[in-house]
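Here is the structure we will look at, set down as structure tokens.
The values are calculated or read from the model by the stated rules, or taken from the named source; none is laboratory data. From a predicted model like this one, the values you see are computed outputs, not experimental measurements. We place every Cβ from the backbone using ideal geometry, glycine too, and count neighbours over all the protein chains shown. Protein only, heavy atoms only, side chains kept; ligands, DNA and RNA dropped before computing areas. Shrake-Rupley method; radii C 1.70, N 1.55, O 1.52, S 1.80 Å.
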Amino acid sequence: MIRASKRALSVEYAIRDVVLPARELEKKGIKVIRLNIGDPVKFDFQPPEHMKEAYCRAIKEGHNYYGDSEGLLELREAIVEREKKKNGVDITPDDVRVTAAVTEALQLLFGALLDPGDEVLIPGPSYPPYTGLVKFLGGVPIEYRTVEENGWQPDIDDLRKKITEKTKAIAVINPNNPTGALYEKKTLKEILDVAGEYDLPVISDEIYDLMTYEGKHVSPGSITKDVPVIVMNGLSKVYFATGWRLGYMYFVDPENKLAEVKEAIDKLARIRLCPNTPAQFAAIAGLKGPMDYLEEYMKKLKERRDFIYKRLNEIPGISTTKPQGAFYIFPKIEEGPWKSDKEFVLDVLHNAHVLFVHGSGFGEYGKGHFRAVFLPPIEVLEEAMDRFEKFMKEKLSS
């Protein structure tokens, strides 16, 4: 037998891994309500028409060639304009790199930043690629605690304790996947202070930046003074174009501390040639065009957030905090016969035919929880919650 890479075999992606047993049920004709994956386009959301038209037009007009490795200049200019308007950051197109979504931005950044044994501080719980990609590249992901009782805000004392001489960066995911937390400006300032004290860059994942309910998103890039911040964003969420796989990162680096890292990123970017060219023309249309669609979409999401939050807290054995951003909720399993949250999720799947993601799939601090999306229409969420409530009542009474 030809052996595969141990690093590759160790990679896990809980959000999609749980789909495999769900497919087996669906092959038998069983209807599974999937609340596992954060893809709004699988439900009643679509990219705005002007973006779809721009994509098709780009293909028809012949923009099907290799583009620049760092992304089309016109798109990088549009990103600069968008980020200056949203975050007030002082950047130029030379500070922007266009990528195949945030996932590739992370691959390029971690590939440029990490040698074997290097550590990255990641919020716990956290989006799985942060852990998986760091491990795959020979690094060590170190989770810092976020506090459920405080709306899943980062624990600054815990973060500080976990910095070592091997720490290369501090990651922030805000609004957060999987918890839906929206980090306070005060908290972000404290993270920047710690990063500055240890001369570390901050990685800020802002893919859900305009998807907030009661508060507004603050970017560390907008409040930093001398700490370098690498901001990640893209089309998947706010622009509802998940399958187009287009994103970007930019550097807020007042003292040019990241010059060598940027050089390494550019070398890696040239190896993979370029991001999707027609999609970049669609991105230009999205970044420069109207965003009136977002108000309607966020109204729907807020209604669904409020519905699932209320229903989950009424179900015996379950409690949850109210998410302030994104479209995820991260309930706690308060009681029951299950030995692990993964066993719980599989039990729900096989008996209630509702698919969640086990909390431990998002790291150590996710244990004893599960993640659900509230993207489907109310009637679908209602059926899912009815099934789930019936399941919990039966399990807790047996």
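Considering only alpha-carbon pairs that sit under 8 angstrom and 6 or more positions apart, the relative contact order computed for the chain is 23 percent. Here's the list of lysines a cross-link from LYS186 could span, going by alpha-carbon distance under 22 Å and ignoring same-chain residues fewer than 8 apart: LYS84, LYS85, LYS86, LYS161, LYS162, LYS216, LYS225, LYS322. Per residue, the stretch 262-398 exposes 43 Å² of accessible surface when a 1.4 Å probe is rolled over the protein heavy atoms with every protein chain present. The apolar share of the surface of the chain, taken as the fraction of accessible area on carbon and sulfur atoms (1.4 Å probe, ligands and nucleic acids excluded), comes to 50 percent. Calculated from the alpha-carbon coordinates, the chain shows an Rg and a Dmax of 21.0, 64 Å respectively. Taking HIS217, HIS353 and ordering them by how much accessible surface each has at a 1.4 Å probe, largest first, produces HIS353, HIS217. For the stretch 117-131, there are no residues whose amide N sits under 18 Å from a probe point set 7 Å from the Cα of ASN313 along the beta carbon direction.
Helical content of the chain, expressed as a calculated mean residue ellipticity at 222 nm, amounts to -13000 deg cm²/dmol (DSSP H runs of 4 or more residues, -39,500 (n - 2.57) each, divided by residue number, nearest 500). For the stretch 93-234, the gyration tensor built on C-alpha atoms gives a rounded shape. Its axis ratio a/c (a ≥ b ≥ c) stays under 1.5. Accessible area per residue for the stretch 48-133, computed on protein heavy atoms with a 1.4 Å probe, is 42 Å².
Note on CYS56: accessible area is roughly 80 Å² with a 1.4 Å probe, heavy atoms of protein only. Full extension of the chain between LYS390 and GLN46 yields a length gain of 120.6 nm, computed as 0.36 nm times the residue separation minus the alpha carbon distance.
For the chain, list the DSSP H helices whose alpha carbon atoms reach 15 Å or more along the long axis and whose average Kyte-Doolittle value is 1.0 or above?
Numbers: long enough: 49-60 (16 Å, -0.94); 73-87 (20 Å, -1.34); 101-113 (18 Å, 1.50); 185-197 (18 Å, -0.40); 259-271 (19 Å, -0.03); 277-288 (17 Å, 0.68); 292-314 (35 Å, -1.60); 341-352 (16 Å, -0.04); 378-397 (28 Å, -0.53).
In the chain, the long hydrophobic H runs are 101-113.
The stretch 1-61 and the stretch 350-398 have Cα centres spaced 19 Å apart.
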